[in-house]
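*Asks:* Below you'll find the structure I mean.
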Amino acid sequence: MSDTPPAHRRTASVADDDLLRQLGYTPVLTRRMGPFGNFAISFSVISVLSGCMTLYGFGLMTGGPSVMLWGWVAVGLMVLLVGAGLAEVTSAFPTSGALYYQAERLGGRRAGWYTGWLNLLGLLGAIAGIDYGAAMFTGAFLNLQFGIEPTPGKIMAIYLCILLLHAGLNLFGVGLADTLNKISVWWHLAGVAVIVGVLALVPSHHQSPSFVFGEFVNDTGWSSNLYVVMIGLLLAQYTFSGYDASAHLSEETSNAQVSAARGIVRAIFWSWLAGFVLLAGLTFAIQDYAATQASATGVPPAQIFLDALGEGGAKALLLIVIVAQLFCGNAETAAASRMAFAFSRDGAMPGSHWWRQVRNGTPRNAVWLSVIAAAVLALPSLYSPTAYAAVTAINVIGITPAYAIPIYLRVKNRATFQAGPWNLGRWGVPVGCIAVAWVTLVTVLFCLPQTRPEHGWVSVTTFNYAPVALVVVLTLAWVWWRVAGRRNYKVPAASASRELAALEEEVV
């Protein structure tokens, strides 16, 4: 997983820029990211120390240990197929626009338009979800260290500070982001090893393998165990998102047709392995299941640390998790800002002329747009946790279908699709069909109620806002298309030949 040597990277960058001109764009971003750096950004965005930790309490309720562990195995395999299908299309179209550009080329303007809005709003929701989760864990740490009560107002203040930190780091350009993402990979792997190792060696009591891999818990109120198992798969599916970051950073990556595609697949694979080890280590170390669920810290993994290690050990492990979450949010900010830049470059967003500006090879205005939008999305958390959940649902309900659209169009246009150097060969169509079917299934699952309403009535605490989020996203996209999109949104035509691309390069 070592990076390409600088001399080879410069040679590859010339070919990358030539290809980008063929795809219709003049290179303006700086190519300073190699294969390992491209893998690192998707690995950092998936972040098992963010997703698994934040949603562990959800898993304890919806199926318990057996569904968390075996569900992780099953979902990871299916996501690997989705990632492989997306990687194949990315190899053919390595641009910052990623999913929407791919959909545009394979399915036309409206396919690109709706894919772009789903992807963009999903990425912005991801920043909110990741950084707010980091704020919650920071609040738990401050509670243990200083006795500060983690009220919604204090969590919001921490959250805004984290957003400002990520804006500042991303303004320094892709070079710093690349370095931080590389550090993030080793921090995550070492962090998982330390957490699991300490939880395996220090506590005198551990759960049995039959409990970890066979215990089923249903605290949802639903009587159907099959339904609870399906809902329980969402922990893994929530975590396995954001790997399109490798595609969004492809215009800043050398040998992008291969590096970005491999980055997607490798990030999923290594996250799959690391996440399984982490979930198993946490579950073996549970001392009191009910107390873990009802933790006063508001963070069940923190209660596992406390019960197993005491306050000092718990705070040390919480710091490992918080730093990993900060790496994750920083990588997601980079990916979202590149998507906002690319979408504005094609005239799709209000104020596109502002957000597509680049200074010193970095889309700085798009960085500020991303963090400000994430701040606004999290404001409902001040008065309602369920309202905040409704907004962050935009992340999954937006990104997940957006993954499937270019894969579906690649299968539909199998006769004319021109594969890039990284491709699945004759397996492209069957893998694509399985990927689309899986995304369809999990999109439906996201829209189902996760807890049974009391007395048969839906309340603000039991209503699943994900379908509302999906309708809102699609309605906004439809309205803006009617108002301005069909006039302003223009993805440039691809050059017909390498000769024309070479001529354009001379002119530039």
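The values are calculated or read from the model by the stated rules, or taken from the named source; none is laboratory data. Treat the numbers as computed from the prediction; the structure is a model and nothing was measured. Note: ideal-geometry Cβ built from the backbone for every residue, glycine included; neighbour counts use all protein chains shown.
*Asks:* Answer with yes or no whether Leu176 is assigned to a helix (DSSP H, G or I) and surrounded by fewer than 22 Cβ atoms within 10 Å (Cβ to Cβ). Even if it seems obvious, please write down each step before you answer.
*Replies:* Details: assigned to a helix (DSSP H, G or I): yes; surrounded by fewer than 22 Cβ atoms within 10 Å (Cβ to Cβ): yes.
Considered against the rule, which asks whether it is assigned to a helix (DSSP H, G or I) and surrounded by fewer than 22 Cβ atoms within 10 Å (Cβ to Cβ), Leu176 comes out as yes.
Quick grid of which residues meet (1) among the polar types (S, T, N, Q); (2) at pLDDT 90 or above; (3) surrounded by 12 or more Cβ atoms within 10 Å (Cβ to Cβ):
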{"site": "Ser459", "(1), (2), (3)": "yes, no, no"}
{"site": "Phe463", "(1), (2), (3)": "no, no, yes"}
{"site": "Pro467", "(1), (2), (3)": "no, no, yes"}
{"site": "Val471", "(1), (2), (3)": "no, no, no"}
{"site": "Leu474", "(1), (2), (3)": "no, no, yes"}
{"site": "Val479", "(1), (2), (3)": "no, yes, no"}
{"site": "Tyr489", "(1), (2), (3)": "no, yes, yes"}
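*Asks:* Evaluate the following for Arg110: is it among the charged types (D, E, K, R), over 19 Å from the mean Cα position of the chain (by Cα) and either in a helix (DSSP H, G or I) or surrounded by fewer than 22 Cβ atoms within 10 Å (Cβ to Cβ) (or both)?
*Replies:* Values: among the charged types (D, E, K, R): yes; over 19 Å from the mean Cα position of the chain (by Cα): yes; either in a helix (DSSP H, G or I) or surrounded by fewer than 22 Cβ atoms within 10 Å (Cβ to Cβ) (or both): yes.
The answer is yes for Arg110.
*Asks:* Quick check: is even one residue across segment 233-242 more than 19 Å from the chain's Cα centre (by Cα) and either surrounded by 17 or more Cβ atoms within 10 Å (Cβ to Cβ) or without any contact (Cβ under 8 Å) to a residue 40 or more places away in the chain (or both)?
*Replies:* The first filter runs over segment 233-242 and keeps only residues more than 19 Å from the chain's Cα centre (by Cα), leaving none.
No, segment 233-242 has no match at all.
*Asks:* Something else: Sort through Pro150, Pro209 and tell me the only one that's in contact (Cβ under 8 Å) with a residue 60 or more places away in the chain and either buried (at least 23 other Cβ atoms within 10 Å of the Cβ) or closer than 24 Å to Met53 by Cβ (or both).
*Replies:* Going through Pro150, Pro209 in turn, the sole match is Pro150.
*Asks:* Regarding segment 76-97, can at least one residue be identified that is modelled with pLDDT under 95, within 26 Å of Ala256 (Cβ to Cβ) and of a type in the set (Gly, Ala, Ser)?
*Replies:* yes
*Asks:* How about segment 406-444: which of its residues are assigned to a helix (DSSP H, G or I) and of a type in the set (D, E, K, R)?
*Replies:* Keep residues of segment 406-444 that are assigned to a helix (DSSP H, G or I), which gives 406-412, 425-444.
Of everything in segment 406-444, those that are assigned to a helix (DSSP H, G or I) and of a type in the set (D, E, K, R) turn out to be Arg410, Lys412, Arg426.
*Asks:* Can you list the helices (runs of 4 or more DSSP H) lying wholly within segment 224-316 that have 3 or more residues being within 30 Å of Gln418 (Cα to Cα)? Walk me through how you get there before you give the answer.
*Replies:* Working: elements: 225-232, 234-239, 245-248, 256-284, 289-293.
Because the criterion is at least 3 residues that are within 30 Å of Gln418 (Cα to Cα), the helices (runs of 4 or more DSSP H) in segment 224-316 that meet it are 245-248, 256-284.
*Asks:* Let me ask another. Which residue out of Ala190, Ala200 is more than 19 Å from the chain's Cα centre (by Cα), closer than 22 Å to Leu49 by Cα and free of Cβ contacts under 8 Å to residues at least 40 places away in the same chain? Lay out the reasoning, then the answer.
*Replies:* Values: Ala200 fails: free of Cβ contacts under 8 Å to residues at least 40 places away in the same chain.
Exactly one residue qualifies, and that residue is Ala190.
*Asks:* Follow-up question, since we're still on this one. Looking at (1) of a type outside the set (A, V, I, L, M, F, W, C); (2) without any contact (Cβ under 8 Å) to a residue 12 or more places away in the chain; (3) on the phi > 0 side of the Ramachandran plot, find the lone condition where Gly173 falls short.
*Replies:* Evaluating Gly173 over (1) of a type outside the set (A, V, I, L, M, F, W, C); (2) without any contact (Cβ under 8 Å) to a residue 12 or more places away in the chain; (3) on the phi > 0 side of the Ramachandran plot leaves (2) as the failure.
*Asks:* Right, here's the next one. For the structure I just gave you, tell me whether Thr95 is of a type in the set (Ser, Thr, Tyr), part of a helix (DSSP H, G or I) and on the phi < 0 side of the Ramachandran plot. Reasoning before the result, please.
*Replies:* On the way: of a type in the set (Ser, Thr, Tyr): yes; part of a helix (DSSP H, G or I): no; on the phi < 0 side of the Ramachandran plot: yes.
Answer is no for this residue.
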